Amino acid sequence: MIVSALSLIVTLFFPLNADAQNLGANVNTNGDEYINQVLPDSIVFTRRSGNEFVLTSKIIDGNYMPAEPIDLGWHNDYWIGAICFSSDMKTLYFVGIDYPGGYGRGDIYLSEFVDNQWSEPRNIGKPVNSATMESQPCLSVDGNELYFVRDTKNYKSNIYYSRYIHGEWTSPQAVATVNTRFGEMAPFLHPDGRTLFFASEGHNGMGGYDIFMCRKLLNGTWSEPKNLGTPVNTEKNEISFVVSSDGKKCYVSSDRDGGFGGYDIYVFDYDDVNVPEIVDTTRFVMRNINFEFDSAVLDESSDPAIDSLANFLNDNSLINIEIAGFTDNSGTEEHNQKLSFERANAVKEALINKGVDATRMTAVGNGSSSPLKPNDTEENKALNRRVEIRIL
């Protein structure tokens, strides 16, 4: 906590040399504008000004054209909140407010683009929707994970996710490291499938709501959230954050001073954003992967570790890995190099047998190079004989 506080102070008083660009009067008004999604040639956002509805603005030569209501063919009779499209633009998810037959005041609905038109919306039902309010859906690029906001008993909101398995959405799970007893909202999953941005008033912030990020670890849990600092966050409120599909721009909704009123949408160059580095998510030592003596044959005791790694990779289809084998310094370097590669390749083959695409994995042998400990005791040699996984 002390380190986080010091980091925040440094960021606050020594901001990056970057400016926030207000998208201007073609997009922003004296109402509230909340960024939902950035498509290759346009942005999609919610405007709340008495009613709540979704608009789009074309991006032409870096300029944002006058916003127009998004034409879905059916939404004019209902309130719709935050919206997100699948990566192939054939499915959209949105929050329907006070729809007849809903489970709560706000439920998540879907519509599909069929025969050149959007189908009538369908409530995706339980277990995602409940008697409380679900809103602000965000779909992973592969379409297999849905992140959303659910109201809590203390009238705040937390972030949940559900997986699409065998044609059904699983029971939602709270993103444990993200949620606090205060409010969290507006989850956005980066196209890499493992970086989650969200707004929170419960973590170590600079104002009311700030934008934070965390990364998915190899064991499926999420790292501790990090504040993005300036220029994204201010002493005011920042409540939604989205990265463009090409990774070059990011957008934030904020009620900071100097806008048109309420929440406005601002844009930055993503390279100017102080995205914290979380180093422990890129390389892992798999200590429970074991081999027969001086052999590349996996021991049966390795099965749980192989299963866990395969499940992680199958659940995160955008992640590619390098499997690196290491030995101690016993034997010749030529032998060690060959053995370390064969062991790494054995892990790769085991993962292929569990359904992981071979093109997502590279096996390398490093022999006795890069020891973790001096090769001066049997205990240290055992530590140096290892398999490491590096996320590419």
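The values are calculated or read from the model by the stated rules, or taken from the named source; none is laboratory data. None of the values given here were measured: they were computed from a predicted structure. Neighbour counts run over all protein chains shown; Cβ positions are idealised from the backbone, glycine included. The protein model used for the area step is the full one, side chains on, heavy atoms only, and it has no ligands, DNA or RNA in it. Shrake-Rupley method; radii C 1.70, N 1.55, O 1.52, S 1.80 Å.
Among the residues making up the stretch 1-26, those that are outside any helix (DSSP H, G or I) and either within 25 Å of Phe148 (Cα to Cα) or at pLDDT below 80 (or both) are Met1, Phe14, Pro15, Leu16, Asn17, Ala18, Asp19.
Among residues of the stretch 272-290 that are modelled with pLDDT under 70, those with a Cβ under 6 angstrom from a residue that is surrounded by 14 or more Cβ atoms within 10 Å (Cβ to Cβ), sequence gap 6+ or separate chain, pair up as Ile278/Arg215; Ile278/Ser223; Thr281/Arg215; Thr281/Leu217; Thr282/Ile391.
A single entry from Lys348, Lys381, Lys354, Lys373 fulfils the requirement of being of a type in the set (Lys, Arg) and free of Cβ contacts under 8 Å to residues at least 12 places away in the same chain: Lys373. Within the stretch 82-100, if we keep just the residues that are farther than 12 Å from Ser111 by Cβ and outside any loop (DSSP other than H, G, I, E, B), the residue that is nearest to the chain's Cα centre (by Cα) turns out to be Ala82.
Scanning the stretch 348-377 for residues that are among the β-branched types (Val, Ile, Thr) and either at pLDDT below 85 or surrounded by fewer than 12 Cβ atoms within 10 Å (Cβ to Cβ) (or both) returns Thr359, Thr377. Look at the stretch 293-305: where a residue is within 17 Å of Gly367 (Cα to Cα) and in contact (Cβ under 8 Å) with a residue 12 or more places away in the chain and a partner is of a type outside the set (Gly, Ala, Ser) and open to solvent by 60 Å² or more (accessible area, probe 1.4 Å), sitting 6+ places away or on another chain with Cβ atoms under 6 Å, you get Ala296/Glu342. When Asn380, Asn384, Asn336, Asn329 are checked against the criterion of being farther than 21 Å from Ser302 by Cβ and open to solvent by less than 40 Å² (accessible area, probe 1.4 Å), a single residue qualifies: Asn380. Determine whether the stretch 249-259 contains at least one residue that is open to solvent by 30 Å² or more (accessible area, probe 1.4 Å), in a loop (DSSP other than H, G, I, E, B) and touching a Gly at 6+ places or on another chain (Cβ under 7 Å). Within the stretch 249-259, one or more residues are open to solvent by 30 Å² or more (accessible area, probe 1.4 Å), in a loop (DSSP other than H, G, I, E, B) and touching a Gly at 6+ places or on another chain (Cβ under 7 Å). Tallying residues that are within 11 Å of Ala350 (Cα to Cα) and small (Gly, Ala, Ser) within the stretch 288-304 yields 1.
When residues in the stretch 298-324 are screened for being part of a loop (DSSP other than H, G, I, E, B) and either touching a Leu at 6+ places or on another chain (Cβ under 7 Å) or surrounded by fewer than 18 Cβ atoms within 10 Å (Cβ to Cβ) (or both), 5 of them pass.
Strands (runs of 3 or more DSSP E) wholly in the stretch 121-236 with at least 2 residues that are aromatic (Phe, Trp, Tyr), surrounded by fewer than 23 Cβ atoms within 10 Å (Cβ to Cβ) and touching a residue at least 12 places away in the same chain (Cβ under 8 Å) - which ones?
Because the criterion is at least 2 residues that are aromatic (Phe, Trp, Tyr), surrounded by fewer than 23 Cβ atoms within 10 Å (Cβ to Cβ) and touching a residue at least 12 places away in the same chain (Cβ under 8 Å), the strands (runs of 3 or more DSSP E) in the stretch 121-236 that meet it are 157-165.
One residue stands out among those in the stretch 341-370 that are among the polar types (S, T, N, Q) and farther than 15 Å from Arg390 by Cβ: the one that is nearest to the chain's Cα centre (by Cα), which is Thr359.
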